[in-house]
Amino acid sequence: MPFGLAVAPNLRKKVRRPVFADLRRTGFLVIAYVDVFGGEAPTHSKYGATKAEAVAGDMIRRLLASHGLTFHPKKRVWDGTTCLPLLGFLVGTRRRILSLQPSRTREIIGMADQLLVEAKTHSLLVRHSALRSFTSATAYTHLAVPLSHFYLISLYAAMRDDEYRGRGSVRIGPQAMKDLALWQNLTPLSEIGRPPWQRPPDAKMTKKSS
């Protein structure tokens, strides 16, 4: 993809769209973002497990090659792993959930630790830039931690309303301290995970028109 070209992401999307459409039609589950994608081969196959993986891999290679696309030699995983890293998350193909990568979890916990220490030693004042960086780093985690947005409301409110904002600082309240403490203990929450694909309905109801 030609980086720096304004239309590059849109061109990339148009090129890959028929590829992923073909894969999904044949039963593949695909998660895609710009030039990164991961997924799972069809679960029902007439081949054995090992041969099915080989057939699926060969099919993907030929399909991409027909569109002039190739894999990066060091950024591909063909083995039948049950946990794939993707954009800061881990895709659990056996449990079929998204969870946070341990390195991202440790980073967020470290940022929460620093904010709590700063707040306790400076009469609940923290640097605006540090709090903004923390909320930016945690905003996307709702894909793996379903309740994460609720733990950010008090922090966003503090950044919006605080009178010290012009001095580069923010005063956070008791609720924000509690929420930071929850982020400080993120590890159990980050392992909960969230389904990357919507579960099909158990039943459908239709209304008969009169």
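Take residues that are under 28 Å from P188 (Cα atoms) and either open to solvent by 80 Å² or more (accessible area, probe 1.4 Å) or modelled with pLDDT under 75 (or both) and tell me which of the strands (runs of 3 or more DSSP E) falling wholly in the stretch 20-136 contain 2 or more.
In the stretch 20-136, the matching strands (runs of 3 or more DSSP E) lie at 29-33, 36-40, 83-86.
Do you know which of the residues in the stretch 150-168 that are open to solvent by 90 Å² or more (accessible area, probe 1.4 Å) and modelled with pLDDT of 85 or more is nearest to G88 (Cα to Cα)?
The residue in question is F150.
Being in contact with a helix residue (DSSP H, G or I) (Cβ under 6 Å, 6 or more places away or on another chain) and not in a helix (DSSP H, G or I): is that true of V170 here?
For V170, the condition - in contact with a helix residue (DSSP H, G or I) (Cβ under 6 Å, 6 or more places away or on another chain) and not in a helix (DSSP H, G or I) - is met.
Just give me the residues in the stretch 137-153 being part of a helix (DSSP H, G or I) and either within 18 Å of M177 (Cα to Cα) or among the aliphatic types (A, V, I, L, M) (or both), in sequence order.
Of everything in the stretch 137-153, those that are part of a helix (DSSP H, G or I) and either within 18 Å of M177 (Cα to Cα) or among the aliphatic types (A, V, I, L, M) (or both) turn out to be A137, T138, A139, L143, S148, H149, F150, Y151, I153.
Among the residues of the stretch 180-191, are any more than 21 Å from the chain's Cα centre (by Cα), modelled with pLDDT under 85 and open to solvent by 100 Å² or more (accessible area, probe 1.4 Å)?
No, the conditions are met nowhere in the stretch 180-191.
The values are calculated or read from the model by the stated rules, or taken from the named source; none is laboratory data. Just so we're clear, the structure is a prediction, and the values are computed from it rather than from any experiment. Ideal geometry is used to build each Cβ from the backbone, glycine not excepted, and the neighbour counts take in all protein chains shown. Remember, those area values only see protein heavy atoms, side chains included, never the ligands or the DNA or RNA. Shrake-Rupley method; radii C 1.70, N 1.55, O 1.52, S 1.80 Å.
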